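Colleague: Sharing a structure here in structure tokens format.
The values are calculated or read from the model by the stated rules, or taken from the named source; none is laboratory data. Predicted model only: the values in this text are computed from it and were never measured. Cβ sites come from the backbone with ideal geometry, for glycine too, and all protein chains shown count toward neighbours.
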Amino acid sequence: MSNHSLPQAEPTEQGLSRREFATLAMAGAASLALPAPAVAQSQAASPPGTPSRSPSTLIRVDKRTRQLWRITVDNPPFNLVVPEMVSALHAVVVDMERDPDLRVVVYDSAIEGYFINHFDLSKAQDFPMLPGNPPTPAWVDLVLRLSRSPVISIASIRGRTRGGGNELALACDMRYASVEKAWFGQPEVGTGILPGGGASERLPRLASRDRALEVILSSQDYSGADAERLGMVTRALPDAELDGFVQALSTRLASFDKQSLSGAKAQVNRATLPPDADLYAGYAEYSHSLTWPGFQAQRPRMGKLAAELGPAELELRLGHYIGRSKVK
């Protein structure tokens, strides 16, 4: 996207303009009664060969070579998506676009048992907005930029990958998962809200309409093997083979001509990506769903489960426990 402002009159299928959807999104955040900070400004890309840097302690950027970076998410204990992480990931994607030599990035996790987890809804009102008229969600701009970037993005997935984390993975060009250790899910409907980071727009294109509905409506966790069968990941591999496979593929692609890589990606994008307006609409609808009575009723129930089970057990088996008012 060349700028952060939204066209003022472009209608969605529901007949609302992007400005109206932005108003809904901001109203959903405001309903939680805390201010939303501006997104952190991206620094200019450092010259090739300079030491790696990170825009946040939650994100590590390892510039393996001029052509290949590894981006590691590190937010213990559960790798929840928080406002600072969104700002940092957005800054990294902007840097990716500005680097003339970069060809491939690999996303992975430093947290055992978690790739990238769901949004931390206790901080939903603080998720950053980009300046503009109207302001736009940094998360939507992040995933749109990632999908359209001339740089090839690969997710190397171990552990729980839910909600926003799964939506970031879906925005990557390719996703490789551990058969034994990767789990995927969209838990939003089971907690009384809607997905808002791109799952509703991307999953039907990858997995078919009915399979997307199963994943989203059931709010269950799916294994790496099931995710491959459903089309949610590019390939599921035995855990012992995952790192070697991703390393070989990313190194191979990084050796190719950047113009041909980005040109081929643009061709595939033209045939497969959802319209930008749909992702903006989805985020606004998610934000508005935070005000729904069903979500307000579910919040104390989930809090009770967390108290009974402990946060670690609840996060490990969220798809199993979601929707239950007590432990069986």
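Colleague: Yes or no: segment 186-203 includes at least one residue that is part of a strand (DSSP E or B) and at pLDDT 95 or above.
Modeller: No, segment 186-203 contains no residue that is part of a strand (DSSP E or B) and at pLDDT 95 or above.
Colleague: What number of residues within segment 255-314 are modelled with pLDDT of 95 or more, of a type in the set (S, T, N, Q) and part of a helix (DSSP H, G or I)?
Modeller: 8
Colleague: Tell me which of these Leu206 doesn't satisfy, since it passes every other one: (1) free of Cβ contacts under 8 Å to residues at least 60 places away in the same chain; (2) in contact with a Gly (Cβ under 6 Å, 6 or more places away or on another chain); (3) in a strand (DSSP E or B).
Modeller: Just one mismatch for Leu206, condition (3).
Colleague: All but one of (1) crowded, with 21+ Cβ neighbours inside 10 Å; (2) part of a strand (DSSP E or B) hold for Trp139; state the number of the condition that does not hold.
Modeller: It fails just one condition, (2).
Colleague: Additional query: Within segment 82-117, how many residues are within 21 Å of Arg66 (Cβ to Cβ) and part of a helix (DSSP H, G or I)?
Modeller: Residues in segment 82-117 being within 21 Å of Arg66 (Cβ to Cβ) and part of a helix (DSSP H, G or I): 8 in total.
Colleague: Is segment 291-300 home to any residue that is in contact with a Ser or Thr (Cβ under 8 Å, 6 or more places away or on another chain) and buried (at least 18 other Cβ atoms within 10 Å of the Cβ)?
Modeller: yes
Colleague: To continue, here is another question. Those residues that are surrounded by 15 or more Cβ atoms within 10 Å (Cβ to Cβ), among the hydrophobic types (A, V, I, L, M, F, W, C) and more than 13 Å from Ala182 (Cα to Cα), I need them from segment 221-261; list them, please.
Modeller: Leu230, Val246, Leu249, Leu253, Ala254, Leu261
Colleague: Restricting the search to segment 61-81, which residues are outside any strand (DSSP E or B) and within 23 Å of Leu261 (Cα to Cα)? Don't jump to the end; show me each part of the working.
Modeller: Here is the first cut: in segment 61-81, the ones outside any strand (DSSP E or B) are 64-67, 74-80.
Answer for segment 61-81, where residues must be outside any strand (DSSP E or B) and within 23 Å of Leu261 (Cα to Cα): Arg64, Thr65, Arg66, Gln67.
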